[in-house]
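J.: Here it is, the structure, as structure tokens.
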Amino acid sequence: MRSVLTLLTAVMLGACSTQISTSSTSEMARTSAYNVIVLDQVSGAALTLPDQPWLKDTVINVTQQVSAKWKNPTPQSGQDRATFIARIAINADRVKITVLDDLGRRALDIDWTENALDITTADWVSGMVDGRRLLADMIMTYWPVDVVRSALGTDLSISETGNKRMIKTQNDGDIFMQINRPDGDPWQGQATLRNLALGYDLAINSRRMTP
């Protein structure tokens, strides 16, 4: 399974075409399992999207600069860090995420509603991106902890102390993910996510925008 880091690698490599592709990703996301996102292929741990994208009556409009670094399996694997921009709009019925590379090119669009998850990728990253995984990382970082706990099911557990979240495997108690969120408003400031299971780190700088 490719993670969000595959997306980051593709974004930084770039390509000649910036045309948006309406590939089969959207059709696949509308299958009966569209709402289940596998987090770890080995253990089968997964996140099930909440029935309602956002439970609160508040509207979220955020711009994020995301810096990522990850472990290369071999020295010849290429770069081990990348940066991208995400624009996020959230209300009770819909979550929309647009991902841009550092040149401002549109790489990915995510549109999640109560009944569907549509993911559209640019031709130059199509087949190399897992937008579902990107959405799952966002949910685990920013959604209310009780919502995340229900979404994780029985394979993973989550605990929250202050601005820190810890996700562990239920069977052996190993740390799967560590998350640090900004004090006060989680959508304003820097959050960090460390996925120990897959070996990557994200530093997410968020800034609220007026609608």
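J.: Given (1) modelled with pLDDT of 90 or more; (2) hydrophobic (A, V, I, L, M, F, W, C); (3) assigned to a helix (DSSP H, G or I), where does Ile90 come up short, assuming only one miss?
T.: (3)
J.: Do we have Thr98 as part of a strand (DSSP E or B), in contact with an Asp or Glu (Cβ under 7 Å, 6 or more places away or on another chain) and surrounded by fewer than 18 Cβ atoms within 10 Å (Cβ to Cβ) here?
T.: Spelling it out, Thr98 is indeed part of a strand (DSSP E or B), in contact with an Asp or Glu (Cβ under 7 Å, 6 or more places away or on another chain) and surrounded by fewer than 18 Cβ atoms within 10 Å (Cβ to Cβ).
J.: What is the one condition in (1) more than 17 Å from Leu134 (Cβ to Cβ); (2) assigned to a loop (DSSP other than H, G, I, E, B); (3) not hydroxyl-bearing (Ser, Thr, Tyr) that Trp187 does not satisfy?
T.: (1)
J.: When Leu47 is evaluated against the numbered criteria (1) at pLDDT 90 or above; (2) not in a strand (DSSP E or B), which criterion, by number, is the only one it fails?
T.: (2)
J.: While we're here: Would you check if there is a residue in region 53-66 being modelled with pLDDT of 85 or more and touching a Leu at 6+ places or on another chain (Cβ under 7 Å)?
T.: yes
J.: Another question, then. When you scan region 50-69, how many residues do you find that are over 12 Å from Ser206 (Cα atoms), of a type in the set (A, V, I, L, M, F, W, C) and part of a strand (DSSP E or B)?
T.: 1
J.: Filter region 145-173 for residues that are in a loop (DSSP other than H, G, I, E, B) and either at pLDDT below 95 or of a type in the set (Ser, Thr, Tyr) (or both) and give the result.
T.: Within region 145-173, Gly153, Thr154, Asp155, Gln170, Asn171, Asp172, Gly173 meet the criteria.
J.: Looking at (1) modelled with pLDDT of 55 or more; (2) over 25 Å from Asn195 (Cβ atoms); (3) of a type in the set (Asp, Glu), can you tell me which one Glu27 breaks?
T.: Status for Glu27: all satisfied but (1).
The values are calculated or read from the model by the stated rules, or taken from the named source; none is laboratory data. Just so it is clear, the structure is predicted and the values come from calculations on it, not from any experiment. Cβ atoms come from the backbone with ideal geometry, glycine included; neighbour counts cover every protein chain shown.
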